[in-house]
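Everything on this sheet refers to the single structure shown next.
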Amino acid sequence: MKTNWISDPIFWIIALPALAVSGILAQMVLSLFSCCGAFKLRGKAVLLKWWMIPATAATCAILWTLTILYVVFI
């Protein structure tokens with residue numbers, strides 16, 4: 001593991017999509033508690049389907065796993 005992984009640009013190339021998907025996942029989960037079950041993506045309301053939260057959670061987990069593996073093994 002490198003000691004200066006936080007300043008590595010490749011780390012940020014991997015971590016920024018993981019952060020973005022985490023934010024979208026948080027919006028989706030919070031929209032479950034609203035009246036209409038929709039969240040905003042680029043200003044447009046998107047109605048949740050049954051598969052959206054599990055797919056986003058899996059994508060989030062994969063991206064964060066890749067980020068952690070990069071930090072640990074490189």
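The values are calculated or read from the model by the stated rules, or taken from the named source; none is laboratory data. The structure displayed is predicted, hence computed values, not measured ones. All Cβ positions, even for glycine, are placed from backbone atoms using ideal geometry, and neighbour counts span all protein chains on display. These accessible areas exclude ligands, DNA and RNA; they are computed on the full protein's heavy atoms, side chains included. Shrake-Rupley method; radii C 1.70, N 1.55, O 1.52, S 1.80 Å.
Miscellaneous remarks
- Of the set (1) loosely packed, with under 15 Cβ neighbours inside 10 Å; (2) in contact with a strand residue (DSSP E or B) (Cβ under 7 Å, 6 or more places away or on another chain); (3) part of a helix (DSSP H, G or I), all apply to ALA45 but (3).
- When VAL72 is tested against the conditions (1) in a helix (DSSP H, G or I); (2) open to solvent by less than 40 Å² (accessible area, probe 1.4 Å), the lone failure is (2).
- Checked against (1) in a helix (DSSP H, G or I); (2) under 30 Å from PHE73 (Cβ atoms); (3) more than 11 Å from the chain's Cα centre (by Cα), LEU19 passes all but condition (3).
- Residue match in segment 5-16 (condition: open to solvent by less than 40 Å² (accessible area, probe 1.4 Å), touching a residue at least 40 places away in the same chain (Cβ under 8 Å) and of a type in the set (Gly, Ala, Ser)): yes
- For segment 48-58, filtered to residues that are surrounded by fewer than 15 Cβ atoms within 10 Å (Cβ to Cβ) and not in a helix (DSSP H, G or I), the residue that is modelled with the highest pLDDT is TRP51.
- Within segment 48-72, restricting attention to residues that are aromatic (Phe, Trp, Tyr) and without any contact (Cβ under 8 Å) to a residue 24 or more places away in the chain, the residue that is nearest to PRO17 (Cα to Cα) is TRP51.
- Across segment 22-35, the number of residues qualifying as assigned to a helix (DSSP H, G or I), free of Cβ contacts under 8 Å to residues at least 40 places away in the same chain and open to solvent by less than 90 Å² (accessible area, probe 1.4 Å) comes to 8.
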